[in-house]
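Data block below; observations after.
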Amino acid sequence: MWWEGSGQTQHGSYALLRLTATAEDSDGLTLHNLDSFIPSGTACETEPPEAAIQHPLFADNSGVQRALVFFGSRQVCLFHLMEVSFVLEPPEISGPTEPSMILQRRRHVPVFGVRRDFKAPEQFDMQDARMLLGGNLQPVAYKVQGEQILFVTATDAGWSPLRMLPVRNGLTLDQAIPLVENLAR
């Protein structure tokens, strides 16, 4: 995944490369604009900070036949959690043949769908923030500001109050950042 474009045409992009594809397969590499998976919604009243949305990421890859993608959009003021599932396509059989002569070719077919949406946190300025998402699918946003780390976590009820982890009393920034990142389990 990556961010591309300029001005109003900026968006996240997703590429799926099928490693079992042959040179004749037209679907060996598929490219998607992540905004095309967003259900309809209203445009942003205020321009979202580019640094907050320019980092689409894979959220959890623990499932063998699925991947989770976390991304923001300029079209709708939400962060989206999209699931990409993979289903095995049955072999193509043309005409009657001997059972020993059936050539089976199976491949994974991606199925896309947005699973959850998260509003941007109101009490937290997302400019220069980093987003993480762990196995529990609850995002954590944080940023370093001076000698402290500011962070919020999302739950089903909304975002937590703004929290602060001061970097002092022997705690270094290199030690504090993993502590906050571990909130995304």
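The table below lists the values:
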read-out: Residue selected from segment 22-55 under the condition at pLDDT 80 or above and small (G, A, S), by the criterion nearest to F86 (Cα to Cα); value: G28
read-out: Residue, nearest to the chain's Cα centre (by Cα), within segment 56-65, restricted to residues that are surrounded by fewer than 18 Cβ atoms within 10 Å (Cβ to Cβ), modelled with pLDDT under 75 and not hydroxyl-bearing (S, T, Y); value: N61
read-out: When residues of segment 10-38 are limited to those that are part of a loop (DSSP other than H, G, I, E, B) and touching an Asp or Glu at 6+ places or on another chain (Cβ under 8 Å), the one nearest to E50 (Cα to Cα); value: Q10
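The values are calculated or read from the model by the stated rules, or taken from the named source; none is laboratory data. Quick caveat, the model's predicted, so the values are computed rather than measured. Neighbour counts are summed over all protein chains in view; Cβ atoms, including those assigned to glycine, are modelled from backbone coordinates with ideal geometry.
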